[in-house]
Structures are given as structure tokens and as C-alpha cells.
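Before I ask anything, let me first share the structure, which is written out below as C-alpha cells.
Every read-out reported here was derived from the displayed coordinates using simple, explicitly stated rules and does not represent laboratory data. Model, not experiment: these values are computed from the prediction. Glycine gets a Cβ as well: all are built from the backbone with ideal geometry, and neighbour counts include every protein chain shown.
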Amino acid sequence: MKAIGCVIALVALTGVASAEKDKDKADALFRQGKRLMGEKRYADACQSFEQSFSLDPGIGAELNIAKCYEEWGKVASAYRAFKKAEDLAKEAHDPRVGKIHELIEQIDPQVPKLTIHLPEGADTDQLKVWIDGARIDVAKLADSHIVDPGPHLLEYQVGGEKKQSKVIPVERGGSSETKLDVPVKHVVKKPHQREEVPEEPRPLPSPGRTQQIAGIATGGAGIVLVGVASVMTLSARSKYNDALAMHCGGMTSGCDAQGLTDTHDARHSANIATVVFLLGVGAVGGGVALYLTAPHHAKPAAQADDEHALYLAPSLSSDGGGIVFGGTL
């Protein structure tokens with residue numbers, strides 16, 4: 001038992017001696033960091049402070065690290081150190097918590113931010129991303145990442161593909177955004193059966209539509225004939241009056257040979273105009289009759305086949321004119 005007690009005591013003494021030795025070394029590194037920072041050798045100074053903290057962790061040591069990075073211009077690194085010192089102070093219920101928080105609020109607007117975007121629907125299952133060699137959690141990729149001012153190396157890799165990289169400059173207090181060229185997920189759409197929609201029955205064409213069109217056409221032709229007849233009548237009258245004045249002395253009984261010929265031709269033209277006028281009037285009447293007598297409701301096919309299609313149209317020839325009546329019986 002005495003031997004065991006001696007071993008335990010020896011181990012305890014060794015531990016105390018080792019702790020004292022680490023503390024002495026931490027103090028030496030701390031003093032070295034102070035001297036190097038005064039010489040503005042910030043890279044070596046910050047390294048000395050970090051080594052000191054690793055040997056003898058404490059709130060003050062972490063604040064020295066933060067202050068070193070801040071003077072060096074690496075405000076993002078300083079921000080992280082201040083946050084770590086604040087967490088240590090909260091755990092220890094240290095009264096310096098409020099002061100440390102003020103330091104964090106002062107430096108926060110100066111910290112640059114880098115935002116990384118991915119294409120919509122990007123395949124991130126095998127995506128790996130690094131910023132300055134530090135692996136970034138893909139799930140938090142859309143968050144704004146705080147970085148120190150200056151250029152930063154962004155690297156990413158998808159599966160076994162070759163690693164791609166880009167250099168992104170970020171200014172103090174500024175922000176930068178970049179988008180990664182990552183393939184999107186291939187979505188396989190399931191085939192779906194086409195829903196058959198029953199066709200709606202097509203409405204039967206109105207059986208009177210053709211007859212109505214025929215009536216409109218016939219009436220239109222009649223109106224044209226009435227117009228032609230009016231022109232012919234005016235022309236014949238003018239020719240007749242000219243013949244009376246020039247070759248008949250203003251009297252029908254005093255016409256010479258030319259006057260007789262001209263007045264005869266004028267009367268012939270007037271007669272033709274009368275016939276054309278009558279044909280036009282008849283065509284207009286026939287067209288109106290066809291239009292008004294056209295059926296307006298669909299009838300069964302058997303009954304529709306038995307209907308008679310009739311038409312009435314004017315007809316002109318060199319021998320005269322007339323009205324043509326026809327249809328299917």
C-alpha cells in the first residue's frame with residue numbers, strides 16, 4: 001500500500017511540475033507575442049499567442065489573439081477570436097462579457113462576407129467545397145461566410161470529377177457573391193396515361209344555311225341588275241334627247257334619217273333597261289323569299305335527305321334576259 005501511495009504521489013508531483021512548466025512556457029510565448037506585435041511582425045506574434053493559449057487556455061489569452069489579428073487587418077479571424085473569448089467569459093460568468101461584446105459589435109461591420117450560390121435543383125450529394133483549404137459544410141453553403149480581406153481561393157469538386165477553383169477578391173467591410181457550376185439533378189418523370197375525354201357531339205350544320213347563302217347571293221345580284229338598269233335608262237334618255245335636238249328639230253315628227261336611227265336605238269336601249277330592271281327586282285324578291293323560307297332547325301338525316309333544294313337566279317344573254325328557277329326534287 002505504501003508503494004502505491006508513493007506512485008500516486010509521484011504522478012501527482014509530475015503532473016504539477018508539467019503544468020508549471022507549460023504555464024512558464026505559455027508566459028514566455030505570451031511575452032514573445034507582445035514583443036513581436038510591437039515590432040508589427042503580426043504573423044509571428046499571432047502564432048505565439050495561439051501557442052500560448054494552447055498551453056494555458058484563458059479568456060485573456062484569447063483576447064490577445066483577437067487583438068493581434070485585428071491589428072494585422074485580419075478582421076474575420078479577429079471576430080472569431082472575440083466570439084470565442086465571449087463564449088469562455090459567459091461560461092465562467094466573467095464580468096468582462098459586456099466589454100467583449102462591445103468589441104464584437106465594433107468589428108462586425110468591418111468583416112467581409114462571401115456568399116456562394118448553387119443552381120436551382122443542384123445535385124449536392126457528392127459536392128465538396130473548400131475556402132482557403134478549409135472544408136465547408138455543403139448544408140450551410142448558402143450562408144454568408146465571414147472571411148478576411150483580400151483574395152480567397154474557392155475550390156469545389158463533384159464526385160470523381162476534377163477539382164475546380166476560382167480566386168475571389170473581398171474588400172474590408174464588403175461582400176462578394178459567386179455561383180458554382182454544379183450539375184442539376186436529373187428528374188425522371190413517370191409516364192402517365194392520357195386521360196381519354198369523350199368527344200362532345202358536333203352540332204349538325206343548319207340545313208337552311210346553304211339556302212340562306214343562295215338567297216343573299218340572288219338578292220345581291222338583283223340589286224346589281226337594278227343599278228345597271230338605272231344606268232342604262234339614263235344613257236338611253238340622254239341619247240334620245242340629243243337625237244331630238246340635233247336631228248329632229250325638237251319634235252318626234254320632224255326627224256331626219258339619222259334622227260330616226262338614233263331615237264330608235266335609244267328606245268331599244270330603254271326597253272332592255274326595263275327588262276334588266278324587272279329581272280333585278282325579281283332577283284331581289286326571289287333572294288328574300290329564299291332567305292326567309294330557309295329552315296332554321298336541324299332535322300333528322302332521313303328527313304333532311306327528302307328536302308328539296310330550290311334556287312332562283314337572274315340570267316342574261318345576247319338575246320335578252322330572264323329568271324332561272326331550279327333545284328333538286
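Can you compute the FRET efficiency between LYS34 and LYS113 using 1/(1 + (r/R0)^6), with r the Cβ-Cβ distance and R0 = 35 Å? Round to the nearest 0.05.
0.65
With θ taken as phi - 60° and the coefficients 6.51, -1.76 and 1.60, list the Karplus ³J(HN,Hα) couplings across the stretch 33-38 in order, rounded to whole Hz; mark glycine and proline as x.
x, 4, 5, 5, 5, x
So which lysines pass the test for LYS23, namely a Cα distance under 22 Å, with those fewer than 8 places away in the same chain ruled out?
The qualifying lysines are LYS34, LYS67, LYS84.
For the pair ALA43/VAL275, report the inter-label distance in nm, with labels modelled 7 Å from Cα in the Cβ direction.
About 12.0 nm, to one decimal.
If you wrap a convex hull around the Cα atoms of the stretch 113-179, how much volume per residue is inside, in Å³?
That works out to 80 Å³ per residue.
Additional query: Output the peptides 151-158, 99-106, 171-178 sorted from most to least packed, where packing is the average of other Cβ atoms within 10 Å over each peptide's residues.
Listed from highest to lowest mean packing, they are 151-158, 99-106, 171-178.
In the stretch 210-251, what is the volume of the convex hull around the alpha carbon atoms, normalised per residue and reported in Å³?
Roughly 42 Å³ of hull volume per residue.
Using the per-residue mean of other Cβ atoms lying within 10 Å as a proxy for protection, in what order, highest first, do the peptides 227-236, 126-135 fall?
227-236, 126-135
Grab the Cα-Cα distance for LYS83 and LEU260, subtract it from 0.36 nm times how many residues apart they are, and report the gain in nm with one decimal.
50.9 nm
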